[in-house]
Amino acid sequence: MTDPSPSTGRSIAVDPRLHEYALAHSTQPDAVQRALIDATNRATAEHAGMRISHDEGTFLTLLTQLTGARFAVEVGTFTGYSALCIARGLADGGTLLCCDVSEEWTSIGREHWQRAGVADHIDLRIAPALDTLRTLPGEPAIDLAFIDADKESYIAYWEELVPRMRPGGVLLVDNTLWHGTVADAELDETTRVITEFNDHAAADDRVDLVLLTLSDGVTMARRR
């Protein structure tokens, strides 16, 4: 007899040994990706941890390919690793709109996008992301979106993007487990705003979603 409880069936705990095994059996970073990782580590010092992990980047490329995305939007570009991964997965003639406020950090990305041959497919807008998103047409035309920026604005970004996602379009949100602290009894301010976003997204009847335990937590939503 099948247990009807939705909580039945637990994921295994991934310790560092198993995580390294999983990484070793996934597609490895190529020369341009390794160069961008190194450049990020050198140029951004203590902020280098803002770069997404390589396995998450591979996931972004694969998902972009699987959805056949031609128009993608990224909120929060940093040094351009996630943008490189998404741009590589775009369908022929596709475009990735990147929203960021830092000329300094995104310039690192520009150099490596050029080396990877995807620069012509990336439209980088240096401006507050909400301003950029609000200039987009209101009709649902976005195939794929990725949010990885200031956590306090996650709900605002979500509310600008969800109505603009085409039916079947996929929206991803990074850091939604926030180092595992979202399940703590006492929350700091950043964790609190992330849990508020998680509750907001889970209650949104415009999408179906799953919170993946990939990297630092990735919420993946499909527009109904």
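Assuming 1.306 mPa s and 10 °C, estimate D for the range 28-96 with Stokes-Einstein, Rh taken as the Kirkwood radius over Cα pairs, in µm²/s. Let's see the in-between values first.
Working: Rh = 12.4 Å.
Result for D is 128 µm²/s.
Determine the relative contact order of the range 122-224: mean sequence separation of Cα pairs under 8 Å and six or more apart, normalised by residue count, in whole percent. Please report the intermediate quantities before stating the final value.
Working: 149 pairs, mean separation 29.4, N = 103.
About 29 percent, as a whole number.
Shape of the range 121-224 from its Cα gyration tensor (a ≥ b ≥ c, root eigenvalues): rounded if a/c is under 1.5, otherwise prolate when a/b > b/c, or oblate?
Details: a/c = 1.96, a/b = 1.49, b/c = 1.31.
Since a/c reaches 1.5 and a/b is larger than b/c, the shape of the range 121-224 is classed as prolate.
Note down the relative contact order for the range 72-144 as a percent, whole number, built from C-alpha pairs under 8 angstrom at least six residues apart.
Values: 101 pairs, mean separation 27.4, N = 73.
Answer for the range 72-144 is 37 percent.
Leaving ligands, DNA and RNA out of it, work out the accessible area of residue 36 with a 1.4 Å probe and give it in Å² to the nearest 10.
0
I'd like to verify something in the chain: which complete DSSP H helices, judged by Cα projection on the helix axis, reach 18 Å or more and average at least -1.0 on the Kyte-Doolittle scale? Before the final figure, lay out the partial values.
Values: long enough: 31-44 (19 Å, -0.09); 54-67 (20 Å, 0.08); 103-116 (19 Å, -1.69); 189-202 (20 Å, -0.62).
Membrane-span-like by this criterion, though nothing is claimed about a membrane: 31-44, 54-67, 189-202.
What order do 90, 18, 84 take when sorted by accessible area (1.4 Å probe), most exposed first? Write out the running numbers ahead of the final one.
Working: 90 25, 18 55, 84 0 Å².
Largest to smallest exposure gives the sequence 18, 90, 84.
Might you work out the accessible area of residue 59 for me, using a 1.4 Å probe with all protein chains in place, and round it to the nearest 10 Å²?
In the full protein context, residue 59 sits at about 60 Å².
Using the eigenvalues of the Cα gyration tensor, what equivalent ellipsoid semi-axes result for the range 1-147 when each is taken as the square root of five times the eigenvalue, whole Å, largest first? Don't skip to the end; give the middle numbers.
Numbers: eigenvalues 157, 97, 47 Å².
Rounded to whole Å, the semi-axes are 28, 22, 15.
Accessible surface of residue 15 in the full protein assembly, 1.4 angstrom probe, to the nearest 10 Å²?
Its heavy atoms expose roughly 60 Å² to the probe.
Could you give the size of the charge dipole of the range 66-224 about its Cα centre, using +1 on the Cβ of each K and R and -1 on the Cβ of each D and E, expressed in debye and rounded to the nearest 20? Before the final figure, lay out the partial values.
On the way: 14 positive and 27 negative charges, 157 e Å.
For this selection, approximately 760 debye.
Restricting to DSSP H runs of at least four residues, report the calculated mean residue ellipticity at 222 nm for the chain, -39500 (n - 2.57) per run over all residues, nearest 500 deg cm²/dmol. Please report the intermediate quantities before stating the final value.
Working: 8 runs with 88 residues, N = 224.
So the helix-based figure for the chain works out to -12000 deg cm²/dmol.
So, with a 1.4 angstrom probe, what is the percent of accessible area on the chain that is carbon and sulfur? Mind showing how you got there, number by number?
On the way: 6160 of 11540 Å².
Whole-percent figure for carbon plus sulfur exposure: 53.
Please name whichever of 162, 25, 178 sits farthest to the positive end of the charge dipole of the chain, dipole taken about the Cα centre and charges placed at Cβ: Lys and Arg +1, Asp and Glu -1.
The Cα lying farthest towards the positive end belongs to 25.
In the range 103-181, what chymotrypsin sites (Phe, Trp or Tyr not before Pro) fall in a loop by DSSP, with at most 16 other Cβ atoms inside 10 Å? Mind showing how you got there, number by number?
On the way: sites: 105, 113, 146, 154, 157, 158, 178; in loops: none.
Of the chymotrypsin sites (Phe, Trp or Tyr not before Pro), not one in the loops of the range 103-181 has a Cβ with at most 16 other Cβ atoms within 10 Å.
What's the extension gain from residue 23 to residue 188 if we count 0.36 nm per residue and subtract their Cα-Cα distance?
Working: separation 165, 0.36 × 165 = 59.40 nm, distance 3.09 nm.
Gain on extension, residue 23 to residue 188, equals 56.3 nm.
Over the chain, what is the percentage of antiparallel beta bridges among all DSSP beta bridges, to the nearest 5?
Details: 11 of 30 bridges.
That works out to approximately 35 percent antiparallel.
For the full complex of protein chains and a 1.4 angstrom probe, list 124, 133 by accessible area with the highest value first. Write out the running numbers ahead of the final one.
On the way: 124 25, 133 0 Å².
Result of the area sort, largest leading: 124, 133.
The values are calculated or read from the model by the stated rules, or taken from the named source; none is laboratory data. This is a predicted model, so every value here is computed, not measured. Methodologically, a virtual Cβ is constructed for each residue, glycine included, from the backbone with ideal geometry; neighbour enumeration extends over all protein chains shown. Areas reflect the complete protein model, heavy atoms only, side chains present, ligands, DNA and RNA absent. Shrake-Rupley method; radii C 1.70, N 1.55, O 1.52, S 1.80 Å.
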